[in-house]
Every structure is written in C-alpha cells, then in structure tokens.
Amino acid sequence: MIDEMLADPRTRIVVCCGSGGVGKTTTSAALALRAAERGRRVVVLTIDPARRLAQALGLDELSNEPAPVEGVPLDAMMLDMRRTFDEMVYAHSTPERAAKIIDNPFYKTISSSFSGTQEYMAMEKLGQLCARGEWDLIVVDTPPSRSALDFLDAPQRMSRFLDGRMIRLLSSPARAGGKGLRKLVGAGFGLFAKGVSTIIGGQLLTDASAFVSAFDTMFGGFRERATKTYELLRSEGTAFLVVAAPEPDALREAAYFVDRLAGEDMPLAGLVLNRTHPVLAPLSAARARTAAENAGSSRLAAAVLRLHADRVDLAEREDRLLARFTGAHPAVPVVKVPVVAGDISDLAGLREVGDRLADQAPPAAGGRVRSLR
Amino acid sequence: MRGVCGEWPPLRDRQGATYAELVTSDPWAARLHVVSGKGGTGKTTVAAALALALASGGRRTLLVEVEGRQGIAQVFDTAPLPYEERRIAVAPGGGEVRALAVDAEAALLEYFEMFYKLGVAGRTLKRMGAVEFATTLAPGLRDVLLTGKVKECVSRTENGRPVYDAVVLDAPPTGRLVTFLDVTKAMAELARTGPIHSQAEGVVALLHSPRTAVHLVTLLEDLPVTETLDAIRELEAAHLPVGSVIVNRVREQWLPDRSVASAASGRVDAGRVRSGLLAAGLDLPPEVLDGLVAETVEHAVRVAAETAAGERLAAEWHGPRLELPQLLDGVDLGGLYELAEMITHDR
C-alpha cells in the first residue's frame, strides 16, 4: 500500500499526523526518502526533528527554505514559524505597515506563543511549497500538538482572533457588536471588558488594538490563504497517514483523528502502527516458559526462551490494542512497522524504516536483524 | 509518606530558601505532585497511578489535567470530565481519587463570576469566543489561571482540614513544563494588582516550596532521557523542586550481563542455544531457531541501549528514581491499580 501510494503520480501531498512521541517525523522523513529514491521529486517539511535526525537531513539550522539533502535526490526543510509569519505579513502589506505590525508586542505574542500558530504556519508553508510547483510530492510532518486536531482548527481559530471583532468589543464595548448583541449580553460585556483590562493591564489591550487595526487590511488575504490550504488538504491528491504507537493512548488519539478526518471529508490513506514487535519464531509462550524451567545448566537457552515468551506476550498485547482500533474502524488500512532497535539518526536508518513501512509481509526468520548502527 | 495535612513548614521568601532546602524533604510527602515527561512516555497513566497510590489507606486525592485532552477520562475509561471535581476511583484500602479537567476559559469565567457578577452573560461571552480571546491576549494568563485553580484545590479546607491530602497534576510535557510552572514570568505580563495577581503570588509560593514535587516520567531511551535531563536543569534553574524521576515501561532483561554486548553486535552462539534447547526437550527446526536468535539479538540491542540510557540518567540525576514495569496485559484499570501498588511499595 505504501509503495503504491508513493509511486502514484496523483499523490501530491502526504500528511503524517498523530499524537506526540509516536515517530511522526521519522515516518515522514522515511517516506520522503523512499519516494525520492524511487524517482519522484520530493520535499519533506519537518517541524521539530530530533537533533541527529536533523543533521542526517542537513537541517542543522532553521532556514525556512527547502535545501537538498546531501547524497540523495531529496529536499528537506524545517519550519521556522516566526519567519513564516513575518513573510506572510510582508507579502500582504506595504513595507511601512509590515514593520509596524512586526514591532507590535501583541504580534510577537501571536507569532511565537499562541497555541496553534505552529500548526497554522505549517499549513501555510505547505500551501507555499505546493504553489511553487517544483516538487511532485510534498511530505508533511505535523506539530506535536496538544491535540491532533489543532492543525485543522488553528487557521479558523486564528482568523477569529485576527478579524478585529473581539478586540473592538473589548476596547470599546459600548459601540461594537451591534444592538442585538448588546441587548443579549447587557451590562455583562462592559463588566467583562473592564475585568479583562484590570487583569491584563491597559497596555496589552492598547497594543492588541493597534495590532488589529494595522492588520485589518491584510486580513482578507490571510483568510483566503487559510481557506485555500484547507481545500488543498481535502483535495484528491492528498493522503493522510495517521501515525500511532502500540500504546492505548496513542491508539485512542489515532481513532479520534480518523473519525475527525472522516467528518471533514479529508482523504485518509491508513494507519501506520510504529514500533511493533512481531514474533519471529513460531513457539508458544507457555511452551517456551516450560522449556526454560527445564533448561537446567544452559543459561543462554533459558534466557532465549524467556525473552521469546515475553515477546509473544508483547506481540499479543499489541495485537489486542490494534484489534480494538480495527474493530471500530474496519475499513482503515493498517501498516505495521516493526521496531528498529536504537536511534534512527542517518539515511541508512531511514531507508530501513522505509523498507519496513513498505514490506508488509512478516519478516523472514533470521533475516532483518539489525544491530545498533 | 506522612499522612499529615495541615502542618506545613512556614513559607519562606523564595530568595531565602536554597534549592537544596527545597528538595531535601521526602518528595512523596508533598501536597502537590506535578507529573510531566516527554510525549509518549505515559505521563498521564503514571499520574493516575500516583493519585491512586497516594489515596490508598483512606486518604483523598485529586487528579487534575489542564490541557483539554481528556486523558484522565481515557485512562479510567469513563465519559469526558466536566469542569467539576468528581470521584473517579476508589483507592486500595479505602480512600478515593477525584478528578478535574481544568479549562482556562472556565477558570477565567469563574473569576469574573466571583468578582463581577456576570450572570448569564458569561455563557454568551464564552460562546462568542470572547473568553478564549481574553486568555489569548496574554499567553501567561492561561497558565496563571490553570495553576491558580490547582493551587486553590491544594489549599482548600473543610472544617479546618484540607479537602485533599494530595493533588496530582498531569502537567504539560517537558518541552512546555517550565514556562507553564514559572508563574513569576507570566505575571510580569499582567497587571500589577487585582485578584488574579494576588492569587498568582500564592501559586508562586506553593510551587517554589517543599509542598510541591515535580516528577518526570521517562523511558530508558535516548531522547526521553535527554529531555528529562534538560528538564531537570531547567527546573533547578527556575528554583522549582524536582521530586523524582519515574522510569516507565521497564522490561525484563533475560540475557546474562556478559552476553549482552556480543549478542547486540549480532554474535549469538546458535549451536549453544540449540544444544541447550535440546537439553530442555525442544527439538526445533532451523528456521525457528533462526527466529529465536534474531529475537535474542534485538533483545540485546534494546537492553544495551537501555543500559546506556540508564547510566546517562544515573550520572546526572542522584535523587529518587522509581521504576515501573511494562505491563504486558496492557494498562487497563486493573493495571493501573497494579502500578499504584508498586508506587506505594517502592517509594
């Protein structure tokens, strides 16, 4: 399934999503490398790769521009969300106005620590890369969000903050909002606005207000871009891969995400279940444990039998967890990726993960043994 | 653990206490347990097990989450939690765990209700997004509101004694932890007076005192250990008391120590394995034997990596360390009680 998806020229965008710590970045990089080495023109957009993986991809520092990875026909980049935001401001504004916006303290808050900015900027960057038309496949990693839904919701949430209505309500509640709203909320809003300014201080409100009015003229452009990106994600050339680890919380998050994608009409390609432990020798746990009791003087044989029995139990646990997911989502294809021991920190490691992603036959006994680098 | 609630060492000026004084006391005796860790290390599960363990023997604990993920409800397999404290489990030996999902917007509205009597307008404002907008204007405000609610739960009393013997906070992951807990910094963004400001001062006093212990959950893997050590350094620099490191999902090592290194580099004496198996009454075909050898190599690679990660941790962290095994039956409710018992036993 993975190779067909990567080889299909109609696949233009692959989005890897899932909860934190499940191996999204590694999966994205491995898929991109595999597709590139099979002849597609590929760029991978990573969010926050671990240091050694970043080095392997030549991403020692943020550049916010794709650059070729040494030794392979692949381009890679790491998102710099602040710079992406700045570039958007410059693109939609006169230089003077842009400078005013960028100096505003409230802009600094929004562009660096608003929860959702990273998601929004990742999607914006995806839109930009797509528009350039230099690649025929873009693989996107998604931020380690508080919740997997953030990158779908962030643009809309941010639009609501930037459209100016709220800040007008807070800074001059008497005039904004229209008669109907005033009637509904009554004096409550005035009190609320007063309370907010008491809590956060008048200066912040003034900054926010100045920011929003400077931002006003470019707001339409921002919203248009967000809408376009959303449409891009729903288009036929996009494939979502939900990444999970065989742990209850990661799989629950994955199930939630699969439902949400379906609800949004987003094209789901399948579930990648990372770091599984398939049994490599057909011998039951009970039999192995009994034999281990009788292994007598052979400590090595006893150890081999016991670690095998544990592995059978672990594999069964992983199967049970997966069965819970597939029971609820029988139509979702599942790709199991056996664990690669040690860190994935070079291109060889990524290739190995790519092989495991693509090869869905159980590994041959005795083969596929990989030592720590 | 001391079951005393109520008599606490007098609060000292933050600058007055040395870091050593913050952490020398028994971390399990703290009133507030902050549990964090890298994503995917199982911090919510560990926080839940800790809340159960601290409630055992007739005590009452509160398990709090602040990220809107409904992780507690998932771990206990119940419906999503409202912004309301409710009983979620009965602890071994009597005692109970209550749970609360704190939401910054609801906490802000709670303040306004208290100080400005908003009435029904509050709900409308929330629906319009005005409350979310207000909490976004100053990002520190969210954290101040969340930790403020936690502090209120820690210090709430009923008939002169604390309502909760301990509060366990399922905190944001290590990457965001210190920003979240460093309320002093967040306060700098806010107005210098007012109700939230004075509550925030109380939060600062609580978090920087021995009544708080920050526990870091890790796996014996490279990245989680690196993040844990980074977090310890950051916490120490911010004068926040690190309580313990909790190593989660520890798996059994079966190979003798001396065989690990060679097996990890692919050298397993298949002949010796075969004769040992024969002696134990197992005559296996070659391909099964090959499979066992391959599993042994993978096991050894993992053990070697875990040993290295464990040594790296031990070299830099000399405080309390707790190990929890990987539960092969999975972490269902029964598994949670099993973990709780181990925490009770080992701490």
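Observations on the structure shown:
- Tally, over the range A:276-293, of residues that are surrounded by 15 or more Cβ atoms within 10 Å (Cβ to Cβ), among the polar types (S, T, N, Q) and out of contact with any strand residue (DSSP E or B) (no Cβ under 8 Å at 6 or more places or on another chain): 1
Residues checked against (1) within 18 Å of B:P210 (Cα to Cα); (2) in contact with a strand residue (DSSP E or B) (Cβ under 6 Å, 6 or more places away or on another chain):
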| site | (1), (2) |
| --- | --- |
| B:A30 | yes, yes |
| B:V35 | yes, yes |
| B:G40 | no, no |
| B:A47 | no, yes |
| B:L54 | yes, yes |
| B:L62 | no, yes |
| B:Q70 | no, no |
| B:A73 | no, no |
| B:F76 | no, yes |
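- Applying the criterion of at least 1 residues that are exposed (fewer than 15 other Cβ atoms within 10 Å of the Cβ) to the helices (runs of 4 or more DSSP H) found wholly in the range A:1-87 leaves A:2-7, A:51-56.
- Of the candidates A:Q118, A:Q128, the single residue that is within 15 Å of the chain's Cα centre (by Cα) and either surrounded by fewer than 22 Cβ atoms within 10 Å (Cβ to Cβ) or not acidic (D, E) (or both) is A:Q118.
- Matching option when the condition is more than 14 Å from chain A (Cβ to nearest Cβ) and either without any contact (Cβ under 8 Å) to a residue 24 or more places away in the chain or under 26 Å from the mean Cα position of the chain (by Cα) (or both), among B:R98, B:R69, B:R123, B:R127: B:R98
- When the residues of the range A:303-336 are filtered to those that are over 19 Å from B:G276 (Cβ atoms) and within 7 Å of another protein chain (Cβ to nearest Cβ), the one that is surrounded by the fewest Cβ atoms within 10 Å (Cβ to Cβ) is A:R320.
- Listed here are the helices (runs of 4 or more DSSP H) enclosed by the range B:235-347 that have at least 3 residues being more than 9 Å from chain A (Cβ to nearest Cβ) and within 30 Å of B:A213 (Cα to Cα): B:286-316, B:333-346.
- Filtered by the rule that a residue be at the interface with chain B (Cβ under 10 Å from one of its Cβ atoms), touching a Leu at 6+ places or on another chain (Cβ under 8 Å) and touching a residue at least 40 places away in the same chain (Cβ under 8 Å), the range A:273-301 gives A:H277, A:L280, A:A281.
- Candidates A:L204, A:L251, A:L191, filtered to the one that is assigned to a helix (DSSP H, G or I), within 14 Å of chain B (Cβ to nearest Cβ), modelled with pLDDT of 85 or more and touching a helix residue (DSSP H, G or I) at 6+ places or on another chain (Cβ under 6 Å): A:L251
- Single residue of B:P173, B:P139 found to be under 30 Å from B:D230 (Cα atoms), at the interface with chain A (Cβ under 8 Å from one of its Cβ atoms) and modelled with pLDDT of 75 or more: B:P173
The values are calculated or read from the model by the stated rules, or taken from the named source; none is laboratory data. Not measured: the values here are computed from a predicted model. Don't worry about glycine lacking a Cβ; one is built from the backbone with ideal geometry, like all the others, and counts go over all protein chains shown.
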